[in-house]
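The values are calculated or read from the model by the stated rules, or taken from the named source; none is laboratory data. None of the values given here were measured: they were computed from a predicted structure. Here the Cβ is made from the backbone with ideal geometry for all residues, glycine too, and neighbour counts use every protein chain on show.
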Amino acid sequence: TLSEPEWSRMKVSAPGSLMLLGEHGVLHGRRALVCALNQRLHLSLVRLDEPVVRIVSELGCYETELSDPKDHPDFRFILDAIRQYPIQNGIELQIESDFSSEIGFGSSAAVTVATHAALHGDVKNRIDLFERSLATVRRVQGCGSGADIAASVFGGVVAYRSDPREICPMVEEFPVTAIYSGSKMKTAEVIRWVDEQRLLNPERFERIFNEMDRLVGAVIHDFSTLGEMMKINQTLMEEMGLCNAALTEIIARCRAEGISSKISG
């Protein structure tokens, strides 16, 4: 509870994330490999005298009543997290990020994790922080595997399965370069599109998801195979229709330089 806080300001941060292997398959009981980034979202929680919730970020400034926080399309993950705690004093959340929310670094997961960490106050119980954050994402988004949340909570490279739940930290540091193609489709929209395609050809998608799971298993057994497994995973992403001309060109340029590459998300 934050009824009588001893603090006037609390600061937390959570890393962004990227999917390395197994996206979409992880929504259907398969494993995925996800990594945290050295790009972080920073949140300061400030105590206020007036009974309001105020959010300040690059997306704008929003204020609502503490007793009944009204929703806002830009701050739905934060507001859902706030509603889970018996807060008695007004608060202001100041949010800054090393990365834009437009480039697909798991900003929704990062801000959700950071908000829960600040409000709950106990960041040592990572499983509890993970579960609280996943519940928020699913309430707001309607779906979500939790892989990006696992990366933000546990850091490093994580092998992850949603059902049954498996969270297996792999390595703490790993060199990866992200290249932005210039556009991003919202996660919920991509998931919805893939589900529509899967209903048209369920056997093909089951085969693809099983193969993705196999690739993750190979990397768990031998991390040095990651580059080769990424190449195979990319062919599976293309088979699902999750690629475009800009992404294809970037991947081709990387491979011409001997760099293993794939799209993420």
Notebook entry, point to check: What do you reckon, is residue 250 under 20 Å from residue 178 (Cβ atoms) and loosely packed, with under 14 Cβ neighbours inside 10 Å?
Noted result: no
Check: Mind checking which residues of the stretch 65-90 are modelled with pLDDT of 95 or more and of a type in the set (Val, Ile, Thr)?
Finding: 78, 82
Next item on the list: Determine whether residue 68 is touching a residue at least 40 places away in the same chain (Cβ under 8 Å) and of a type outside the set (A, V, I, L, M).
Entry: no
Notebook entry, point to check: Of 66, 93, 79, which residue is farther than 27 Å from residue 154 by Cα and either surrounded by 15 or more Cβ atoms within 10 Å (Cβ to Cβ) or of a type in the set (Val, Ile, Thr) (or both)?
Noted result: 66
Margin query: assigned to a helix (DSSP H, G or I), touching a residue at least 60 places away in the same chain (Cβ under 8 Å) and surrounded by fewer than 16 Cβ atoms within 10 Å (Cβ to Cβ): which single residue out of 210, 233 fits that description?
Written below: 210
Next item on the list: Name every residue in the stretch 117-145 that is touching an Asp or Glu at 6+ places or on another chain (Cβ under 9 Å) and crowded, with 19+ Cβ neighbours inside 10 Å, in order of residue number.
Entry: 129, 136, 137, 145
Check: Which members of the stretch 126-148 meet the condition of being assigned to a loop (DSSP other than H, G, I, E, B) and either of a type in the set (D, E, K, R) or in contact with a Ser or Thr (Cβ under 9 Å, 6 or more places away or on another chain) (or both)?
Finding: 143, 144, 145, 146
Next item on the list: Please determine, by comparing only the residues of the stretch 179-204 that are touching a residue at least 60 places away in the same chain (Cβ under 8 Å) and assigned to a helix (DSSP H, G or I), which one is nearest to residue 240 (Cα to Cα).
Entry: 194
Item checked: Pairs where the first residue, in the stretch 30-57, is of a type in the set (S, T, N, Q) and the second is in a loop (DSSP other than H, G, I, E, B), C-beta under 7 Å, 6+ apart -> 39/98; 39/99; 39/105
